[in-house]
Amino acid sequence: YIKDELETIGAFLGVVEDLQEGYPKYQMVKPWAEQVKDLVYDIEDCLEEHTIALTHNSSWSQRILNNNNALRQIVEVSERNRRYNLFSPYESTSSYMAITVVLDHMRPHFLKGTTQNDSSGDPKKEVDSWESASPKETSKGAPKVAAIAGMCGSGKTTLAREIYNEKYHHFACHAWIELSQDVNATKVFRDMIVQLSLVSSSQTGYIGEEEDLVNHIQEKLKDKLFFVVFDGLWTLRAWDRIKRVLPDISISGSMIIVTTEILHIAEACTKSADHVYCIPLLPEWKSLELLKDLVLKSENGEMSPEDKEDFQDLDLDCLKKCGGLKLAITTVAQLFTSEAPHKWGGLCEDLPSLLYNDPRLKKIKIVMTRSYRGLPPYLKPCFLYLSIFPEDSDINVATVLRRWVAEGFVREMTGMSTEAVAVRYLFELFDRNLIKATKLTRNRSCKTCWIHPMMRDILVMVAQEEKFSTTVGKNINSMLPANRFRHLTLDGRSNRKLVKSVDISGVRSLTQLRVLDFSNARFLITQQDIGHIGELCHLRYFNLYESNICELPLSIGMLMFLQLLNVRKTQIRRLPSEITRLERLQILSASRKMEDSCHYRNKHCSCNSEGATVPKGIKNLENIEGLEIVDVRGSTHSSIKDLGKLTRLKYLGLTGLTKKNSEEVSNTLQKLSPSLIYLYLAAYRKNGTLCCLPTDKGSMEFPHLRTIELDGHIGTMPEWISHSFTLSVVKLHRTSLHQNNIRTLEGLRSLITLALLDSSNIGEELVFYSGTFRGLQRLELVGLPSLEAVRFQEKAARSVQEITIKSCRLSLFGRRNLKRLWDVCFDSGAEVVD
């Protein structure tokens with residue numbers, strides 16, 4: 001009964017989220033809906049604690065008794081709705097699909113231009129290329145549809161207006177149609193009739209049913225040369241209704257331009273990515289140039305000639321807030337021109353507050369808030385959650401996805417795991433131009449993302465209004481409001497003294513925490529801090545990355561809902577047997593810090609760590625999908641054997657391989673091979689080896705393996721690697737291989753990244769022969785003291801875009817043969833000969 005009630009409430013809240021501010025009782029419905037949300041959380045907590053009470057003893061009975069009050073409140077809240085007649089679920093004006101499916105072929109567009117590489121050419125010339133050389137009144141053809149897409153405030157409407165004003169006089173009839181998020185098709189069609197002059201002046205009030213209007217416009221346009229701009233399209237449903245008025249055949253050269261924030265809508269309108277122009281964010285130098293131009297050309301009487309001269313050399317912190325967005329730059333320029341120059345520094349500091357309260361910033365606030373309000377209900381909490389990450393840092397995508405799942409924002413769908421659904425949600429945010437990719441992984445997927453600083457400021461305010469989250473930091477008041485916030489972020493830059501002073505009375509009970517992440521804490525995390533971790537019975541995400549913790553408390557086994565446990569780069573050598581009781585655990589990352597590091601000096605590098613031993617009973621973790629790094633040398637034979645029973649494993653890291661345990665490890669890998677997509681194998685540091693692993697082609701098959709890392713002497717490259725159809729990343733440490741071994745990889749069509757690190761290649765010369773490594777895009781050569789020359793023959797590695805050479809003394813030959821190379825990172829030891 002309770003679960004059914006939760007599903008019904010969830011569906012109801014989705015409808016309430018869909019209401020617009022124009023709804024008659026919106027201000028009354030909003031706080032009532034918040035009460036319902038709080039009830040949902042209380043009911044979920046009650047159900048989980050009931051599960052815990054059944055699993056353990058009856059120590060939770062009193063808390064369950066208290067939480068049962070939440071069930072009684074369901075009736076009270078429902079009665080409150082009836083009493084004030086707040087809302088009927090049938091009054092919603094629209095509904096959303098469960099999920100907007102973003103086609104996989106759209107993903108390259110999201111990653112095509114990261115914020116680091118955004119640049120703009122001449123958009124008008126690009127749009128001109130969409131048109132015919134010259135409209136011909138005699139010939140006929142399908143009207144061309146072009147789209148302009150970009151982040152809110154990036155200048156889509158401005159660009160479209162410039163094109164429209166420049167070209168409309170070449171057409172027999174033309175119209176500029178502004179669209180709202182909730183499109184009234186009949187109103188749009190009547191507006192088109194008037195602007196396109198399809199009726200006489202005496203019939204400007206043309207009235208008809210929607211189908212009559214459609215037929216009328218179609219009939220008139222098919223014999224005319226027309227130009228129409230639809231500004232601000234939000235849904236495909238709206239486009240499907242609007243495009244009915246557009247004739248399939250008209251005078252050749254007829255043109256339609258659509259502006260939208262959403263990439264898949266832009267492509268659907270044009271039916272070709274070639275006819276979509278994505279407006280990029282401005283690079284910093286262009287942003288500063290535009291800001292100076294706007295301010296210096298203003299009629300600001302407060303600016304003396306000396307002020308203007310000083311401003312020319314000014315490097316403004318506000319530019320970081322603008323983030324290359326034209327509307328943001330224009331808004332800041334307007335602020336500057338309305339204030340005396342000596343106040344500009346204060347304006348920059350107060351910008352977050354001004355953004356939400358100052359009328360001068362009303363336009364950008366409306367534009368950005370509209371983008372958030374236009375999200376479907378299932379995406380709003382996911383996007384709002386991004387506001388808890390620090391403004392001045394990139395956001396790790398893997399962290400976001402796992403936290404979304406842990407917080408309960410993502411639910412399984414038919415045929416899709418929660419992780420797969422979370423990835424879909426992420427790409428929907430990319431698709432809507434709400435976030436940008438900043439860094440890519442070795443296999444070219446998104447590693448980190450970025451949210452516009454002003455959009456983040458808006459989300460912070462919205463999150464506080466909706467009691468979603470609040471942040472406490474060095475420059476933020478540590479006294480929280482009395483409202484029941486669901487998420488509290490303590491700024492990682494804060495010290496322990498500030499954290500202790502925080503008044504957390506406004507936060508939902510800390511025992512109901514679902515996410516606890518200490519990975520960015522600047523203060524020392526002690527054993528005492530986690531001593532009572534077992535009392536956080538709802539915890540799903542526990543991250544102690546790079547802390548000085550040396551052991552996990554035995555109460556860790558009480559966290560029966562835990563999904564992720566990260567104790568990498570800690571002092572933990574052995575995992576307690578209690579972790580085998582965590583049946584819902586999906587990700588277990590454990591490793592010990594090492595004093596010596598590889599030349600690569602990457603804090604995420606696996607070779608900088610030693611694994612932790614796992615206890616007996618590891619086979620109980622039937623839902624685990626990621627397990628790294630396991631020290632097989634310190635683990636028992638039965639534990640190694642039990643690893644082979646974890647058939648859902650996708651990510652596996654093993655260290656401590658020796659001749660003695662190689663057979664057991666090989667048997668385990670064979671059992672796990674059908675599911676693995678990432679594999680890290682490291683030999684024992686003192687006398688270990690990878691030589692005893694099977695090398696024959698048929699000895700092992702990994703049908704889905706994408707990334708493999710080998711660390712330690714191996715003697716020869718295993719044939720099963722060189723015959724893989726799926727490997728996109730090969731990373732080698734200390735393997736002591738020669739040219740002929742590396743050549744076994746040259747036929748891998750799916751290989752994107754090859755990293756040779758720390759004496760992995762001990763030959764003096766590395767040659768990339770003509771026609772080999774055709775798909776390779778990224779090459780890393782780090783810490784190879786024996787290597788003296790790298791040669792690229794003509795047509796070798798023709799797709800390479802990035803080369804990194806560090807801690808090597810070598811000469812690079814054939815640079816001119818790498819036609820697509822654009823990113824080169826060499827230190828002083830490398831030289832390009834030609």
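Observations, loosely collected:
- If the condition is being farther than 23 Å from residue 734 by Cα and surrounded by fewer than 19 Cβ atoms within 10 Å (Cβ to Cβ), then region 799-820 contributes 799, 801, 813, 814, 815, 816, 819, 820.
- Close Cβ contacts (under 7 Å, 6 or more residues apart or on different chains) running from residues in region 326-352 that are touching a residue at least 40 places away in the same chain (Cβ under 8 Å) and assigned by TED's automatic domain parsing to the domain that holds residue 304 to residues that are surrounded by 14 or more Cβ atoms within 10 Å (Cβ to Cβ) and not in a helix (DSSP H, G or I) comprise 326/153; 326/154; 326/155; 326/282; 327/153; 328/153; 337/298; 337/300.
- Region 629-645: number of residues that are modelled with pLDDT of 90 or more, over 14 Å from residue 663 (Cα atoms) and in contact with a strand residue (DSSP E or B) (Cβ under 6 Å, 6 or more places away or on another chain): 3
- If the condition is being aliphatic (A, V, I, L, M) and modelled with pLDDT under 90, then region 699-716 contributes only 700.
- Among residues of region 724-741, those that are part of a loop (DSSP other than H, G, I, E, B) and either in contact with a helix residue (DSSP H, G or I) (Cβ under 9 Å, 6 or more places away or on another chain) or of a type in the set (D, E, K, R) (or both), counted: 3
- On the stretch given as region 733-753, residues that are over 30 Å from the mean Cα position of the chain (by Cα) and of a type in the set (Gly, Ala, Ser) total 2.
- Any hit, region 102-120, residues being surrounded by 19 or more Cβ atoms within 10 Å (Cβ to Cβ), at pLDDT 90 or above and under 33 Å from the mean Cα position of the chain (by Cα): no
- Near pairs, Cβ below 6 angstrom, 6+ apart or cross-chain, from region 609-635 (within 29 Å of residue 418 (Cβ to Cβ)) to any residue that is of a type in the set (Phe, Trp, Tyr): 626/651
- Enumerated strands (runs of 3 or more DSSP E) restricted to region 461-542, each holding at least 2 residues that are modelled with pLDDT under 80 and either out of contact with any Asp or Glu (no Cβ under 6 Å at 6 or more places or on another chain) or of a type in the set (D, E, K, R) (or both): 469-472, 487-490
- Counted residues, region 412-425 - those being over 21 Å from residue 651 (Cα atoms) and in contact (Cβ under 8 Å) with a residue 24 or more places away in the chain: 2
- Listed by position, the strands (runs of 3 or more DSSP E) contained in region 754-810 that have at least 1 residues being of a type in the set (Val, Ile, Thr) and within 32 Å of the chain's Cα centre (by Cα) are 778-782, 802-806.
- Residue match in region 397-410 (condition: among the hydroxyl-bearing types (Ser, Thr, Tyr), under 21 Å from residue 261 (Cα atoms) and part of a helix (DSSP H, G or I)): no
- Scanning region 256-269 for residues that are of a type outside the set (D, E, K, R) and assigned to a helix (DSSP H, G or I), we see that the one that is surrounded by the most Cβ atoms within 10 Å (Cβ to Cβ) is 266.
- The residues of region 628-652 that are part of a strand (DSSP E or B) and of a type in the set (Ser, Thr, Tyr) amount to a single one, 651.
- Residue match in region 294-317 (condition: modelled with pLDDT of 85 or more, under 18 Å from residue 345 (Cβ atoms), surrounded by 19 or more Cβ atoms within 10 Å (Cβ to Cβ) and among the aliphatic types (A, V, I, L, M)): no
- Test result for residue 340, more than 20 Å from residue 290 (Cβ to Cβ) and aliphatic (A, V, I, L, M): yes
- Scanning region 419-450 for residues that are buried (at least 21 other Cβ atoms within 10 Å of the Cβ) and part of a loop (DSSP other than H, G, I, E, B) returns 432, 433, 434, 435.
- Of the residues making up region 665-687, not one is surrounded by fewer than 18 Cβ atoms within 10 Å (Cβ to Cβ) and touching a helix residue (DSSP H, G or I) at 6+ places or on another chain (Cβ under 7 Å).
The values are calculated or read from the model by the stated rules, or taken from the named source; none is laboratory data. Computed from a predicted model, the values in this text were never measured in an experiment. With ideal geometry, Cβ positions are generated from the backbone for all residues, glycine too; neighbour counts draw on all protein chains shown.
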